[in-house]
Amino acid sequence: MAKELLTKVKLQCPGGQATPAPPVGPALGQHGVNIAAFVKQFNDKTRDRMGLILPVVISIFKDKSMELEIKSPPASVLIRNAIKLEKGSKTPGREKVGKIGRKALEEIAKAKEKDLNAGSLDAACRMIAGTARSMGVTVEG
């Protein structure tokens with residue numbers, strides 16, 4: 001028999017470093033989930049991606065059990081890592097903070113492939129390029 005779904009909670013936590021502190025504790029506590037179990041499970045699954053911000057969808061069932069679905073990091077985080085940026089531009093239209101090439105865009109698109117709804121690698125690259133431009137990063141190639 002399939003478990004009955006109560007709700008889904010979406011959070012963003014640093015890989016391998018989730019703690020019961022907000023936002024995790026309050027978001028899960030209101031649904032009666034064992035927070036320590038989530039923290040342990042999430043940290044074990046994401047130890048290889050230490051410190052990267054990872055979106056996670058937590059499916060909570062009526063019997064208070066849960067399932068984790070860990071997604072790829074946001075495109076902006078991957079872009080910042082690729083060109084070693086601290087943060088994006090405050091005024092993306094005017095102030096440029098870096099440059100990113102086609103090869104780096106393709107690597108990011110491949111990393112996010114299963115989370116993007118793009119029909120081809122080229123379409124995925126255009127999506128990532130749009131994110132880069134909105135951060136004030138010049139897209140080359």
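Rule-based calculations on the coordinates, nothing more; no lab input. Keep in mind that this is a model prediction, so the values were computed, not measured. Note: ideal-geometry Cβ built from the backbone for every residue, glycine included; neighbour counts use all protein chains shown.
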Between helix 121-134 and the chain: long-axis angle, C-alpha atoms, 0 to 90°, nearest 10: 80 degrees
Chain lengthening between Lys10 and Glu140 when straightened (0.36 nm per residue, less Cα-Cα): 43.4 nm
Percentage relative contact order, region 50-141, counting C-alpha pairs under 8 Å, at least six apart: 29 percent
In region 38-141, trypsin sites (Lys or Arg not before Pro) in a DSSP loop with at most 15 other beta-carbon atoms within 10 Å: Lys62, Lys64, Lys71, Lys84, Lys87, Lys90, Arg94, Lys96
Linear extension gain, Ser89 paired with Val77, 0.36 nm per residue minus alpha-carbon span: 3.0 nm
Long-range amide H partners of Ser89 with built H, under 5 Å: Gly136
Neighbour cut-off at most 14 other Cβ (10 Å), DSSP loop, GluC sites (Glu not before Pro), region 31-113: Glu86, Glu95
Charge tally in the Cβ shell below 11 Å around Asp63, where Lys, Arg are +1 and Asp, Glu are -1, Asp63 excluded: +2
Region 1-80 - percent relative contact order, Cα under 8 Å, separation 6 or more: 38 percent
Assigned charges on the beta-carbon of Lys, Arg, Asp, Glu; region 75-139 dipole about Cα centre (debye): 260 debye
Nearest 10 degrees, 0 to 90: helix 35-45 Cα axis against the chain principal axis: 50 degrees
Projected-area mean, the chain, by convex hull of Cα positions, square nanometres: 10.2 nm²
Computed magnitude of the charge dipole of region 5-70 (debye, nearest 20; Cβ of K, R +1, Cβ of D, E -1): 60 debye
Cut-off under 5 Å, modelled amide H: who pairs with Leu54 long-range: Cys13, Gly15
